[in-house]
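**Q** Please read through the structure below; I'll follow up with questions.
The values are calculated or read from the model by the stated rules, or taken from the named source; none is laboratory data. Bear in mind that the values here come from a model prediction, so they are computed numbers and not experimental data. Don't worry about glycine lacking a Cβ; one is built from the backbone with ideal geometry, like all the others, and counts go over all protein chains shown.
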Amino acid sequence: MVLKTPLGSFNLSLSDTFVELPNIAHDASLPSLLKSILTDVLGGIILLDDQDKLIYINRKALAIVEKMTRCTEGAQAIPKEIMHITKFMRGARREFSQQNWLNQSTIFVDCLTVFNIYARWIQGDNSSYNYLLLNMEDQNQFSQNIALEEARQMGLTSREQDVWLLHQTNYTYKQIAETLNITPNTVKKHMKSILTKQRSSSAQER
C-alpha cells in the first residue's frame with residue numbers, strides 16, 4: 001500500500017513491524033520514555049510532530065488506517081477522522097498551554113467497524129519539540145479476540161466458532177447463513193448447541 005503523508009508518499013507493507021521516516025525519527029530530542037512506549041505498546045501507534053508530519057507508524061496502526069480509508073485505488077492517506085483529532089489537540093494545547101489533555105475518541109465507521117483512538121501530547125527532552133501520540137484500537141478485533149477465547153473455553157467446534165464470532169459482531173441468523181453459505185436452520189442448530197455448551201461452561205465455573 002502507499003501511505004500519503006505531509007512528508008510525501010511511502011510504499012508500506014502490513015508485514016512491516018513499523019516504519020521510521022528518515023532524519024526526524026532519529027532526532028535526538030525524541031524522549032527515551034516515548035521510545036519505550038513505541039517499542040512496548042500492543043495497540044496501533046501513530047506519532048506526529050506538531051506540524052502533522054508523520055514520525056512513526058506501526059503495523060497495527062497501518063491495518064486500522066487501511067480499514068478506515070477503504071480506498072479502492074490502493075492509495076492510502078492519513079484519514080480525515082484522525083486529522084480532525086490532531087486539529088482538536090492542537091487547539092486544546094493553544095487554549096490550555098499549562099495543561100496536558102488526553103482525548104479519547106470512538107469512531108463508528110459503520111455498525112461493525114469501530115475504532116478507539118487516544119491522543120496526547122508528549123514533550124521531547126528539548127522543550128521546543130512536541131509530539132502527538134495516537135494510540136489506536138480496533139474494537140471489532142478486540143471483541144473478536146474475546147469471542148475466540150470464549151469459544152475455546154466452551155469447547156466449540158470449528159463451525160460453531162465461525163457462527164459464534166459472527167453472532168458476537170451482531171450478525172443476524174440470516175447474515176450468518178449467507179456469510180457461511182449454510183441455511184438459517186443450520187445456524188439455529190449451531191446456536192442451540194453453542195448456548196448449551198455456554199451454560200455447561202458457566203455451571204462448571206461456579
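**Q** In region 125-140, what residues are farther than 18 Å from Gln104 by Cβ and modelled with pLDDT under 85?
**A** From region 125-140, those farther than 18 Å from Gln104 by Cβ are 125-131; that's our starting set.
Within region 125-140, Asp125, Asn126, Ser127, Ser128, Tyr129, Asn130 qualify.
**Q** Could you please let me know if Arg152 is touching a helix residue (DSSP H, G or I) at 6+ places or on another chain (Cβ under 9 Å) and of a type in the set (D, E, K, R)? Before the answer, list the steps.
**A** Working: touching a helix residue (DSSP H, G or I) at 6+ places or on another chain (Cβ under 9 Å): yes; of a type in the set (D, E, K, R): yes.
Answer is yes for this residue.
**Q** Kindly establish whether Tyr131 is assigned to a loop (DSSP other than H, G, I, E, B) and either surrounded by 13 or more Cβ atoms within 10 Å (Cβ to Cβ) or in contact with a strand residue (DSSP E or B) (Cβ under 7 Å, 6 or more places away or on another chain) (or both). Break it down stepwise before answering.
**A** On the way: assigned to a loop (DSSP other than H, G, I, E, B): no; either surrounded by 13 or more Cβ atoms within 10 Å (Cβ to Cβ) or in contact with a strand residue (DSSP E or B) (Cβ under 7 Å, 6 or more places away or on another chain) (or both): yes.
Spelling it out, it is not the case that Tyr131 is assigned to a loop (DSSP other than H, G, I, E, B) and either surrounded by 13 or more Cβ atoms within 10 Å (Cβ to Cβ) or in contact with a strand residue (DSSP E or B) (Cβ under 7 Å, 6 or more places away or on another chain) (or both).
**Q** Then there's this: Six or more apart or on different chains, Cβ under 9 Å: which pairs go from a residue in region 41-64 that's free of Cβ contacts under 8 Å to residues at least 40 places away in the same chain to one that's surrounded by fewer than 20 Cβ atoms within 10 Å (Cβ to Cβ) and acidic (Asp, Glu)? Could you list them?
**A** Tyr56/Glu20
**Q** Taking Ser97 as meeting all but one of (1) part of a helix (DSSP H, G or I); (2) more than 24 Å from the chain's Cα centre (by Cα), write down the number of the exception.
**A** For Ser97, the exception is condition (1).
**Q** For region 152-206, list the helices (runs of 4 or more DSSP H) that sit wholly inside it and hold at least 1 residues that are more than 22 Å from Asn140 (Cβ to Cβ); which are they?
**A** Values: elements: 158-168, 173-180, 184-205.
Counting at least 1 such residues, we get 184-205.
**Q** Of all the residues that make up region 160-198, how many are acidic (Asp, Glu) and surrounded by fewer than 16 Cβ atoms within 10 Å (Cβ to Cβ)? Break it down into steps so the answer makes sense when it comes.
**A** Within region 160-198, the first condition is being acidic (Asp, Glu), and the residues that meet it are 160, 162, 178.
Then keep just the ones that are surrounded by fewer than 16 Cβ atoms within 10 Å (Cβ to Cβ); that gives 178.
Number satisfying all stated conditions: 1.
**Q** Of everything in region 92-101, what is surrounded by 11 or more Cβ atoms within 10 Å (Cβ to Cβ) and either small (Gly, Ala, Ser) or out of contact with any helix residue (DSSP H, G or I) (no Cβ under 6 Å at 6 or more places or on another chain) (or both)? Give them in sequence order.
**A** At the first step, the residues of region 92-101 found to be surrounded by 11 or more Cβ atoms within 10 Å (Cβ to Cβ) are 92-93, 100-101.
Scanning region 92-101 gives Ala92, Arg93, Asn100.
**Q** What are the pairs with Cβ atoms under 6 angstrom where one residue, in region 183-206, is under 11 Å from Tyr173 (Cα atoms) and the other, located anywhere, is acidic (Asp, Glu)? Sequence gap at least six, or different chains.
**A** Cβ pairs passing all conditions: His190/Glu160.
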